[in-house]
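The block underneath contains the structure these notes are about, expressed in structure tokens.
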Amino acid sequence: MLFTNPTEHDDVWTKIHDATVAGELGCAAKAATAKGNPLQGDSRALLTCVYTYDYEDLEDVGRVLVALRSLGFMRRISYKTDDDTRAGKYGKGSAIYVAQPESMDFDDRREKS
């Protein structure tokens, strides 16, 4: 999940779209529109999502992170599953992986059993 301000959003989407179509990222991507999202509250940040084939394939998740960094996305990047989104998990603690700004690695925040 990439969060950007509205002035950068179209450029971010163009980069993500083109890299996804070229097979450089995951299996799909989507971006928020300018229309407000009631779940997002007053936040001005717009969301762009890059999907991987399997969130448990840590090698592929890492590959996509490196590809995003090579495209210039150096801010914090979070990864959340669709199941968590459907379950209504949003905000702090909802990401299973987090890459800190400029990091080429991510923290695995899943609960260990």
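Derivation of every value follows stated rules applied to the coordinates shown; laboratory data play no part. Owing to the predicted nature of the structure, the values given are computational and were not obtained by experimental measurement. Don't worry about glycine lacking a Cβ; one is built from the backbone with ideal geometry, like all the others, and counts go over all protein chains shown.
Using the C-alpha gyration tensor of the stretch 2-104, what are the square roots of 5 times its eigenvalues, in whole angstrom, with the largest one first?
For the stretch 2-104, the semi-axes come out at 20, 17, 13 Å.
How far apart, in nanometres, would the label points at SER70 and ASP83 be if each is projected 7 angstrom from Cα along the Cα-to-Cβ direction?
If labels sit at SER70 and ASP83, their model points lie 3.1 nm apart.
Can you give the relative contact order of the chain as a percent, counting alpha carbon pairs under 8 Å and 6+ residues apart? Kindly include the intermediate steps, with their values, before the conclusion.
Working: 142 pairs, mean separation 27.0, N = 113.
Averaging sequence separation for qualifying contacts and normalising by length gives 24 percent for the chain.
At 0.36 nm per residue, minus the direct Cα-Cα distance, what do MET104 and LEU47 gain on full extension? Give it in nm, one decimal, please.
Working it through step by step, the gained length comes to 18.5 nm.
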